[in-house]
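Engineer: I am attaching a structure below and will ask some questions about it afterwards.
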Amino acid sequence: MIQKKLFTRHHSLLWGAISILITGAIWWAVTTLGAVPSLYLPAPDIVWKQLLKVATEGYMSANLWQHTFASLGRVLIALFAAILIGVPIGILMGTNRTIKAIFDPLLEFYRPIPPLAYLPLLVIWLGIGEVTKITLIFLAILAPIIISTLQGISTVSKSRQFAALSLGATRSQLLWHVTLPSALPHILIGIRIGLGVGWSTLVAAELIAATKGLGFMIQSAAQFLATDIVILGIMMIAIIAFVLEMVLRKIQTNLAPWYGKY
């Protein structure tokens, strides 16, 4: 069994590495042959040199790491706030019909609205500081977490709940020892989805009077047709998002190792 798991893991890593190498080779070949002008798609070595330059000399009054940590900080603060608020709301909606009846229409009204639609309203209410940027990302992350938590609570086995109650479990013990562990995989999936949505909202959030951030760097570079810096910023966002996704997958595997196996 252990050998099979290792083979499956190595098999996935191998094919993942091959797909990345093939994509990089196609990129290199297209730019080397001149099939696409460098203005639209700079060669990999140009992007690499720009990475070294931005990392050491900086771009728009900040180096690459300052831009990266500024964006990462905004996303993580918004994510933690969404977890602290979204998970309890999802639990209450899943365990109390009255609360679900109150929040469900509000959730369905707010969920389909693109974050950019209420960006002007946030600027009017909160100004152009960090609070507005974080709030915009927070609102993008919140809905997936609430919905996934609600789904997880709703799919908990009734027989397990009745068994725990018949053995003398209190309502709080039922919640902590039966309901939440069963719903945990869905909650973690909601966090993963929300994190992806948060990163996709980052560029829009950093349009608001930002002086640091990967989204700000991308937008500033686009105005000067600095495609190499635009691609660099996009790749940095993709790499960070990938690393965070792998971390969340590992957490899910450790906290809910049974999920998807029965």
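Engineer: Of all the residues that make up segment 138-174, how many are touching a residue at least 24 places away in the same chain (Cβ under 8 Å) and either over 27 Å from the mean Cα position of the chain (by Cα) or not assigned by TED's automatic domain parsing to the domain that holds Arg97 (or both)? Reasoning before the result, please.
Structural biologist: At the first step, the residues of segment 138-174 found to be touching a residue at least 24 places away in the same chain (Cβ under 8 Å) are 138-157.
The next check asks that each one be either over 27 Å from the mean Cα position of the chain (by Cα) or not assigned by TED's automatic domain parsing to the domain that holds Arg97 (or both); those that pass are 157.
Summing the residues that are touching a residue at least 24 places away in the same chain (Cβ under 8 Å) and either over 27 Å from the mean Cα position of the chain (by Cα) or not assigned by TED's automatic domain parsing to the domain that holds Arg97 (or both) in segment 138-174 gives 1.
Engineer: Conditions first: (1) in the same structural domain as Ser220 (by TED's automatic domain parsing); (2) crowded, with 16+ Cβ neighbours inside 10 Å; (3) polar (S, T, N, Q); (4) closer than 24 Å to Ile234 by Cβ. Ser61 passes all but one, so which condition is the exception?
Structural biologist: Result: Ser61 passes all but (2).
This table checks each residue for (1) modelled with pLDDT under 90; (2) farther than 29 Å from Val75 by Cα.
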position: Gly127; (1), (2): yes, no
position: Val131; (1), (2): no, no
position: Ile145; (1), (2): no, no
position: Lys158; (1), (2): yes, yes
position: Phe162; (1), (2): yes, yes
position: Leu175; (1), (2): yes, yes
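A quick yes/no check of all residues on (1) farther than 20 Å from Lys53 by Cβ; (2) part of a helix (DSSP H, G or I); (3) assigned by TED's automatic domain parsing to the domain that holds Leu119:
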position	(1), (2), (3)
Ile189	yes, yes, yes
Val197	yes, yes, yes
Ala209	yes, no, yes
Ser220	no, yes, yes
Leu232	no, yes, yes
Ile239	no, yes, yes
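Engineer: Please give the number of the condition Gly168 fails out of (1) at pLDDT below 85; (2) crowded, with 16+ Cβ neighbours inside 10 Å; (3) in a loop (DSSP other than H, G, I, E, B).
Structural biologist: Result: Gly168 fails condition (2) only.
Engineer: Okay, next question. Name every residue in segment 151-165 that is assigned to a helix (DSSP H, G or I) and surrounded by fewer than 19 Cβ atoms within 10 Å (Cβ to Cβ), in order of residue number. Don't jump to the end; show me each part of the working.
Structural biologist: Let us first name the residues in segment 151-165 that are assigned to a helix (DSSP H, G or I), namely 151-154, 158-165.
Gln151, Ser154, Lys158, Ser159, Arg160, Gln161, Phe162, Ala163, Ala164, Leu165, listed by residue number.
Engineer: Something else now. Say whether the condition of being in contact with a strand residue (DSSP E or B) (Cβ under 8 Å, 6 or more places away or on another chain) and under 30 Å from Phe224 (Cβ atoms) is met by at least one residue in segment 55-68. Give the derivation first.
Structural biologist: Going residue by residue through segment 55-68, those that are in contact with a strand residue (DSSP E or B) (Cβ under 8 Å, 6 or more places away or on another chain) are 67.
Now narrow it down to the ones that are under 30 Å from Phe224 (Cβ atoms): 67.
For segment 55-68, residues in contact with a strand residue (DSSP E or B) (Cβ under 8 Å, 6 or more places away or on another chain) and under 30 Å from Phe224 (Cβ atoms): present.
Engineer: Next question, about the same structure. Output yes when any residue across segment 122-129 is assigned to a helix (DSSP H, G or I), surrounded by 15 or more Cβ atoms within 10 Å (Cβ to Cβ) and of a type in the set (Phe, Trp, Tyr), and no when none is.
Structural biologist: No, the conditions are met nowhere in segment 122-129.
Engineer: Search segment 53-76 for residues that are touching a residue at least 24 places away in the same chain (Cβ under 8 Å) and pair each with any residue that is surrounded by 21 or more Cβ atoms within 10 Å (Cβ to Cβ) and of a type in the set (Asp, Glu) when their beta-carbon atoms are under 9 Å apart and the residues are at least 6 apart or on different chains.
Structural biologist: Every condition considered, the pairs that remain are Ala70/Glu206; Ser71/Glu206; Arg74/Glu206.
Engineer: Next question. What is the one condition in (1) in contact (Cβ under 8 Å) with a residue 12 or more places away in the chain; (2) over 13 Å from Val75 (Cβ atoms) that Ala222 does not satisfy?
Structural biologist: In the conditions (1) in contact (Cβ under 8 Å) with a residue 12 or more places away in the chain; (2) over 13 Å from Val75 (Cβ atoms), Ala222 misses (1) alone.
Engineer: Right, something else. Filter segment 171-201 down to residues that are farther than 20 Å from Leu84 by Cβ and not hydroxyl-bearing (Ser, Thr, Tyr) and give me whichever is surrounded by the fewest Cβ atoms within 10 Å (Cβ to Cβ).
Structural biologist: We begin by selecting, within segment 171-201, every residue farther than 20 Å from Leu84 by Cβ; these are 171, 173-174, 177-178, 182, 200.
Within this subset, residues satisfying the condition of being not hydroxyl-bearing (Ser, Thr, Tyr) are 171, 173-174, 177-178.
Details: Arg171: 10, Gln173: 14, Leu174: 18, His177: 14, Val178: 18.
My answer is Arg171.
Engineer: Kindly establish whether Arg111 is among the charged types (D, E, K, R), surrounded by 16 or more Cβ atoms within 10 Å (Cβ to Cβ) and in the same structural domain as Ile208 (by TED's automatic domain parsing).
Structural biologist: On the way: among the charged types (D, E, K, R): yes; surrounded by 16 or more Cβ atoms within 10 Å (Cβ to Cβ): no; in the same structural domain as Ile208 (by TED's automatic domain parsing): yes.
For Arg111, the condition - among the charged types (D, E, K, R), surrounded by 16 or more Cβ atoms within 10 Å (Cβ to Cβ) and in the same structural domain as Ile208 (by TED's automatic domain parsing) - is not met.
Engineer: Where residues in segment 37-66 are among the polar types (S, T, N, Q) and assigned to a helix (DSSP H, G or I), which of them is nearest to Gly24 (Cα to Cα)?
Structural biologist: Residues of segment 37-66 that are among the polar types (S, T, N, Q), as a first pass: 38, 50, 56, 61, 63, 66.
Next, from what is left, pick out any that are assigned to a helix (DSSP H, G or I): 50, 56, 66.
Values: Gln50: 17, Thr56: 25, Gln66: 27 Å.
Restricting to residues being among the polar types (S, T, N, Q) and assigned to a helix (DSSP H, G or I), the top hit is Gln50.
Engineer: Exactly one of (1) buried (at least 18 other Cβ atoms within 10 Å of the Cβ); (2) at pLDDT 95 or above is unmet by Ile85. Its number?
Structural biologist: Among (1) buried (at least 18 other Cβ atoms within 10 Å of the Cβ); (2) at pLDDT 95 or above, Ile85 violates only (1).
The values are calculated or read from the model by the stated rules, or taken from the named source; none is laboratory data. This structure is a prediction, so every number in the text was calculated from the model and none was measured. For neighbour counting, all protein chains shown are included, and Cβ atoms are generated from backbone atoms with ideal geometry for every residue, glycine included.
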